[in-house]
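The values are calculated or read from the model by the stated rules, or taken from the named source; none is laboratory data. Since the structure is predicted, the reported quantities are computational estimates derived from the model, not experimental observations. Here the Cβ is made from the backbone with ideal geometry for all residues, glycine too, and neighbour counts use every protein chain on show. Calculation scope for accessible area: heavy atoms of the full protein, side chains included, ligands and nucleic acids excluded. Shrake-Rupley method; radii C 1.70, N 1.55, O 1.52, S 1.80 Å.
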Amino acid sequence: VDHDDEDTIIMALVDAAVGYLDGWTGILGRCLEEQEWRQDFDGFSACLRLPLWPVISVSSLVWRNGTGQVATISSDNYALKSDARGAYVRFRNDFVYPGDLYETGAVVVTYWAGYPRQGVVEADPNAEPPVEADPGTSTVPAPIKTAILLLVGHWYQNREAVAEGSHTVLPMAADALVSPYRRVDV
């Protein structure tokens with residue numbers, strides 16, 4: 001495309017392609033950009049599975065008692081771990097699980113997931129000259145970025161639900177590129 005007449009359409013297609021792959025509803029079951037998520041559990045267990053991947057860090061882990069009072073669990077009492085099934089919070093063996101939990105959603109894990117940006121620089125308006133924010137470089141794997149570009153190109157060229165003579169929903173090349181990154185529950 002060598003004109004800017006359809007920039008709005010192209011940006012909408014980029015957003016649609018990222019949305020197709022990214023987050024809770026995306027086909028990959030993982031986050032592409034850094035995002036904060038919250039997972040509620042009805043109770044404690046030695047292993048609290050986090051549904052999205054890759055997990056960067058746990059921001060907080062809190063629990064509510066039967067009367068609704070909230071307490072924070074120190075990060076010294078748990079660790080962020082991962083295995084073939086994804087990320088999970090693992091409590092120390094000597095951690096004593098609180099009793100008298102609220103009926104539902106008593107344990108809440110807030111966490112950051114996604115591929116972190118490298119080289120992020122915060123804005124500094126007091127610097128001479130003022131330093132603008134630099135979002136850094138994306139660490140989303142190249143095959144996923146390429147799949148997004150293929151989807152955008154395909155949707156730009158084929159603006160109908162199904163291209164004539166074809167009944168494929170996702171271009172084969174894009175599907176092949178993202179297949180290794182799909183989360184599959186074992």
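Got at least one residue in region 147-159 being surrounded by 12 or more Cβ atoms within 10 Å (Cβ to Cβ), among the hydroxyl-bearing types (Ser, Thr, Tyr), at pLDDT 90 or above and in a helix (DSSP H, G or I)?
yes
To keep it simple, each residue is scored yes or no on (1) of a type in the set (Phe, Trp, Tyr); (2) touching a helix residue (DSSP H, G or I) at 6+ places or on another chain (Cβ under 7 Å); (3) free of Cβ contacts under 8 Å to residues at least 40 places away in the same chain.
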| position | (1), (2), (3) |
| --- | --- |
| 27 | no, yes, no |
| 36 | no, no, no |
| 45 | no, no, yes |
| 49 | no, no, yes |
| 52 | no, no, no |
| 55 | no, no, no |
| 59 | no, no, no |
| 67 | no, no, yes |
| 70 | no, no, yes |
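Any chance region 58-66 includes a residue that's closer than 30 Å to residue 180 by Cβ and at pLDDT 95 or above?
yes
Taking the residues in region 85-111 that are of a type in the set (A, V, I, L, M) and assigned to a loop (DSSP other than H, G, I, E, B) as candidates, determine which candidate is least open to solvent (accessible area, probe 1.4 Å).
My answer is 106.
Looking only at residues in region 112-129 that are in a loop (DSSP other than H, G, I, E, B) and in contact (Cβ under 8 Å) with a residue 24 or more places away in the chain, which one is farthest from residue 66 (Cα to Cα)?
It comes out as 117.
Could you please give the count of residues in region 14-54 that are in a strand (DSSP E or B), under 12 Å from residue 183 (Cβ atoms) and open to solvent by less than 30 Å² (accessible area, probe 1.4 Å)?
Qualifying residue count for the region: 1.
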